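Inspection log for the structure reproduced underneath, given as structure tokens.
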Amino acid sequence: MLNLTDLIARAQPGDAVLVRSDLNAPLGGSPPSVTDETRLVASLPTLRSLVSAGLRVVLCSHLGRPTGPDPALSLAPVAEKLAGLLAARGAAVPVHFTGGMPTGPDRERLLGEVGPGEVGLLENLRFDPREKGNDPTFADELVSGLQHFVNDAFGTCHRAHASVVGVAERLPACGGLLVERELEVLSDLRGRPARPYWVILGGAKVSDKIGVVERLRDLVDGFVVGGGMANTFLAAKGVRVGGSRVEEGAVELARQLLEHSGEARWVLPVDGVVAAGLDEPEGTVVDLETGEVEGMILDIGPRTIDLAARALHGARTIFWNGPPGVFEKAPFAEGTRSFAELLADHPARVVVGGGDTAAAARRFGIAERVSHVCTGGGAALEYLEGKDLPGLVALEASALRQGPR
Ligand code: AMP
């Protein structure tokens, strides 16, 4: 895969670069504004490099899941926020935005406005259903008049969309700085990380993460499992989990994983915070070995937190994906808070994997205190499973076409 340095070395003054970033930031309020700027901040280093090289940057992203034009999901608030963030970091460049549709006359108008060292943001790619379908006509329209493509949207590299794959087949393409950084961290996690190596898994569903367990079980020293997915593992061990959600179809697989994981140790919950439902004002700690679960297990209990802390002591690499409890609700947030604090102070290389776990890391103020927070949850998991991500495959193919450095 070629990188930004290669592109800048090959570009001619005034060339226009299509940049695919992941600017899918949450919006709130009226008029809408960006409520969490993490993804925007992560996209800045690539934009700054291109702008300071005097290139014309045509930026694009999706936002939310519209199936056609939807003013509530316009990227206008993102353009405004991005301009502010760039200015705050000493790169006060205009971020042009014309709205409308991502291609067609609105795009033409935008291209006319973007000068060298400036940025123009296209409207939400998913306003056009051809984006998700990787439609060749849409990819043609996206690249028209541009000379290079940079994919910096690691979080969407597992999607074969037009702005991820189609455009990389049409322009000389390379990975941006964020994609490079994510790959460096994740390839270490599925390669030869410093050991002891522990993986903490949580979150709602076991089926989303089983592939990661299968792929990593021979590499790791152990797994700590919490959250809704732990119920399926507990059921596989014959522990009664009351009304907690168990993925019946995955119980047998969980049993096999517990039995056939070589040297890897497993830390499963020994106690849990139980309540009748998510809206209960508090839960009760139940010992899962001796007690009766009357309701649902919505967080891990103090003994489990203690067991996990002891297992992780001395670890040199830790990957955390999935909260061990329903941390969005105060009565069930303690397990996630404890893990977050434990990892913030841990001397190991700690990588937090995407989505809800990244949100939890931010909520508990530890995002800056771990080695790396992945911006893409699904993409990170698929990469760790050893799957080929279409966006990365397209970048590799483009590098081959472009020849040696
Ligand atoms: P995932 O996207 O699979 O990582 O799932 C994240 C979600 O799992 C979060 O929204 C949590 O609220 C939820 N979660 C964590 N623990 C549990 C649990 N014990 N029961 C149900 N949901 C949970």
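Every number in this text was worked out from the coordinates using simple rules, so none of it is lab data. Keep in mind the model is a prediction, meaning the values are calculated, not measured. All Cβ positions, glycine included, derive from the backbone under ideal geometry; neighbour counts span all protein chains shown.
Note the angle between two axes, namely the Cα long axis of helix 334-344 and the longest principal axis of the Cα atoms of the chain, as a number of degrees from 0 to 90, rounded to the nearest 10. So the inclination is approximately 60 degrees. Distances between placed amide hydrogens fall under 5 Å for Asp271 paired with Leu288, Gly301, Thr304, all partners being 5 or more residues away or on another chain.
Here r is the Cβ-Cβ distance between Arg245 and Glu108 and R0 is 45 Å; the resulting FRET efficiency, rounded to 0.05, is 0.35. Put in line by how crowded their Cβ is, counting other Cβ atoms within 10 Å and starting with the fewest, Met296, Met101 read Met101, Met296. Across segment 44-54, coupling constants 3J(HN,Hα) worked out from phi with the 6.51/-1.76/1.60 Karplus curve, θ = phi - 60°, read 5, x, 5, 4, 4, 4, 5, 5, 6, 7, x Hz, and Gly and Pro carry x.
With a Förster radius of 45 Å, plug the Cβ-Cβ distance of Gln12 and Arg310 into 1/(1 + (r/R0)^6) and report the FRET value to the nearest 0.05. Mind dumping the intermediate values first?
Numbers: r = 59 Å, r/R0 = 1.31.
For R0 = 45 Å, the calculated efficiency reads 0.15.
Spin-label model, Ala92/Glu184: points 7 Å from Cα along the beta carbon direction are separated by 3.1 nm. The Rg/Rh ratio for the chain, using Cα coordinates for both the radius of gyration and the Kirkwood hydrodynamic radius, is 1.01.
The label-point distance for Glu252 and Arg192, in a model that sets each label 7 Å from Cα toward Cβ, rounds to 3.8 nm. Say the cut-off is 32 Å between C-alpha atoms; which of Lys81/Lys132; Lys132/Lys237; Lys81/Lys329; Lys81/Lys209; Lys81/Lys205 go over it? Distance filter (> 32 Å) returns Lys132/Lys237; Lys81/Lys209; Lys81/Lys205. Going 7 Å from the Cα of Arg405 toward and past its Cβ, which residues in segment 142-177 have a backbone nitrogen under 17 Å from where you end up? Only 173-177 fall inside the zone, counting backbone N under 17 Å.
Beyond 24 Å, the tail of the calculated P(r) for segment 272-405 holds 43 percent of the Cα pairs.
Computed from backbone phi, the HN-Hα couplings of segment 227-238 come to x, x, 5, 5, 4, 5, 5, 5, 4, 5, 8, x Hz, rounded to whole numbers (Karplus: 6.51 cos²θ - 1.76 cosθ + 1.60, θ = phi - 60°; Gly and Pro given as x). Once the chain from Glu328 to Asp388 is taken as fully extended at 0.36 nm per residue, the excess over their C-alpha distance is 18.3 nm. When the charge dipole of the chain is built from unit charges on Cβ atoms (+1 for Lys and Arg, -1 for Asp and Glu) and taken about the Cα centre, the candidate among Ala16, Leu343, Gly228 whose Cα reaches farthest toward its positive end is Ala16.
Per-residue extension of 0.36 nm, minus the Cα-Cα distance of Arg369 and Asp208, leaves a gain of 55.3 nm for this segment. The order of the peptides 148-156, 337-345 by mean Cβ neighbours within 10 Å, most packed first, is 148-156, 337-345.
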